[in-house]
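Chemist: The structure that follows is given in the form of C-alpha cells.
Computed from the coordinates by the stated procedures, all read-outs in this text should not be read as laboratory data. Nothing here was measured: the structure is a model prediction, and the numbers come from that model. Positions of Cβ are backbone-derived with ideal geometry, glycine not excepted, and every protein chain shown enters the neighbour counts.
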Amino acid sequence: MLSDKLIRLRVKEDVNSLFLSLVLGGHKAQSQIVTKSSGLAMSQMNITQQTLLGTQVHLPTLPEQQKIAAFLGAVDRKIQQLKRKQELLEQYKKGVVQQLFSQQLRFKRKDGGEFPEWEEKPLGSLGEFRTSSVDKLTEEGQKLVRLVNYMNVYRHEEINVHSLNDYVVVSATPIQIKTSDLRRGDILFTPSSETPDDIGHSVVIFEDLPDAVFSYHLLRFRPTTKLDINYSHYFCNTDTVLKQISRLATGSTRFTVSSGSFAKVRVQVPSLEEQSRIAGFLMALDAKVAGVAQAVAAAQQWKKGLLQQMFV
C-alpha cells in the first residue's frame, strides 16, 4: 500500500528509472518543481502529481541512459564501500581504546620488557582545575582578547593560534587574563549540559595561546604532573572517565559537575613512556580514519560536480 504522502512514478519501457531519478534530482528539474509547488516554506512545500508529470526533462537514448546509470551506480557503490571502511575503522578504534584503557592490551618496551603497572589516581592529584569569570562582554579600558567558548570545546575543535582568529573578541581585566590564560598542555572541559551523559567533552591545548582566555562556561585542567600531551588527548575521553563524570552531575533542567567533583574523577595512569606509545598508536589510527573520511567527502563532491555537468 502506497502512503498518501508519496507519489509513484512508473516509467515507460524506453526510460531507465535510475537515470530518470537522477535527472529529476538535477538543478533544472528541481527549479521547475519548486517554482510550481505550493506551501508557505521550503519545509512545508507540496508537490502534486500534475506538477511532477509536467516537469520538462531531456532524455538521451535508452542505451545511453543505461550506461550513465550503470556508471553512476558504480560511483555510488564505491562511496558506500568507503563509508563502510570508515565505519569499520571507527568501530575498530573504539574497541582498541576500550582494550588499551582497561589494560587488556598492553605495549612492551623496545627491549621486550614489561612497562610498570598503571597507577590509579584522582585527577585532582595530577593537576589543578580552575573556573573563569570571562564572559562575552566588552568593556572600555580593558584589554581585548580572544575567547574560547563552550561550543568550541563541545565540537572538539582544534584550538590554536590560527583558529583563534575566528573566535569572538571580548575584553578582560589583567587578573582575568592571568587566571584564565591558556598554555600548552591545558585541558578544557565542558562542565554542564542538558543531560548528565553529555558532560565532559574536552580538548587539549597544544601550544601557548597568548591573548586568549577561556569562558566561564568551561573548566580548565592544568597538569602539575608530567603527562604526554598527545596521551592527554585520549585518556579523558574514555568511557570509564565519562561515566564517572556523568554520575557526579547535579541539577534538574541543566546538569553541572563542579571543579571539586571533577578533581575526584579517578584515572589509570601508565608510565610516561607507555603513554607515548599509546598516544602514537591512536594518532596513527585517527589519521587512517581521517584519510578515509576525506576520501568519502572527495568522492561525494566529485559525484556532485559530475551530476551538475550532466543535468544542468
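Chemist: Any idea what angle helix 27-36 forms with the longest principal axis of the chain, computed on alpha-carbon atoms, 0 to 90 degrees, nearest 10?
Modeler: For helix 27-36, the angle is close to 80 degrees.
Chemist: Follow-up question, since we're still on this one. Of the trypsin sites (Lys or Arg not before Pro) in the stretch 198-247, which ones lie in a loop per DSSP and count no more than 13 other C-beta atoms within 10 Å?
Modeler: LYS226
Chemist: With Cα Rg over 2.2 N^0.38 Å as the read-out, I listed (1) 1.01; (2) 0.95; (3) 1.38; which label goes with the value calculated from this structure?
Modeler: (3)
Chemist: Quick one: what are the phi-derived ³J(HN,Hα) couplings along the stretch 64-70, Karplus 6.51/-1.76/1.60 with θ = phi - 60°, whole Hz, x for glycine and proline?
Modeler: 5, 4, 5, 5, 5, 4, 5
Chemist: Next question, about the same structure. Please rank THR173, THR250, fewest neighbouring Cβ atoms within 10 Å first, as an exposure proxy.
Modeler: Lowest to highest Cβ neighbour count: THR250, THR173.
Chemist: In deg cm²/dmol and to the nearest 500, what is the mean residue ellipticity at 222 nm of the chain if only DSSP H runs of at least 4 residues count, each as -39500 (n - 2.57), divided by the residue total?
Modeler: After summing the helix terms and dividing by the residues of the chain, the value is -14000 deg cm²/dmol.
Chemist: Just to be sure I understand: with springs between alpha-carbon atoms less than 10 Å apart, which residue in GLY73, GLY280, GLY112 has the highest mean-square fluctuation in the Gaussian network model of the chain?
Modeler: GLY112
Chemist: Which whole-angstrom value gives the distance between the alpha carbon centres of the stretch 107-157 and the stretch 161-230?
Modeler: Result: 6 Å between the Cα centres.
Chemist: Under the 0.36 nm per residue contour assumption, what length would be gained going from the current alpha-carbon distance of THR253 and LYS304 to full extension?
Modeler: Taking THR253 through LYS304 to full extension adds about 14.1 nm, to one decimal.
Chemist: Can you tell me the length gained on complete extension of the stretch THR35 to GLN142, counting 0.36 nm per residue apart and subtracting the Cα distance?
Modeler: 33.2 nm
Chemist: Skipping prolines and chain starts, which residues have an amide H placed within reach, meaning under 5 Å, of the one on LEU182, given they are 5 or more residues away or on another chain?
Modeler: Amide H to amide H, under 5 Å and 5 or more residues apart or across chains, LEU182 pairs with LEU209, ALA212.
Chemist: OK, next. Can you run phi through the Karplus equation (6.51, -1.76, 1.60; θ = phi - 60°) for the stretch 130-138 and list ³J(HN,Hα) in whole Hz, with x for Gly and Pro?
Modeler: So the J values, rounded to whole Hz, are 9, 9, 10, 10, 7, 10, 8, 7, 10.
Chemist: Output the relative contact order of the chain, whole-number percent, from Cα pairs under 8 angstrom with separation of 6+ residues.
Modeler: Values: 431 pairs, mean separation 67.2, N = 312.
Once divided by the residue count of the chain, the mean separation gives 22 percent.
Chemist: May I ask for the distance between the Cα centers of the stretch 254-312 and the stretch 63-82, given as a whole number of Å?
Modeler: 30
Chemist: Same structure, new question: Ranked by Cβ crowding within 10 angstrom, fewest neighbours first, how are ASP166, ASP208 ordered?
Modeler: ASP166, ASP208
Chemist: Next question. Compute the FRET efficiency between ALA295 and LYS243 as 1/(1 + (r/R0)^6), taking r as their Cβ-Cβ distance and R0 = 30 Å, and round to the nearest 0.05.
Modeler: 0.35
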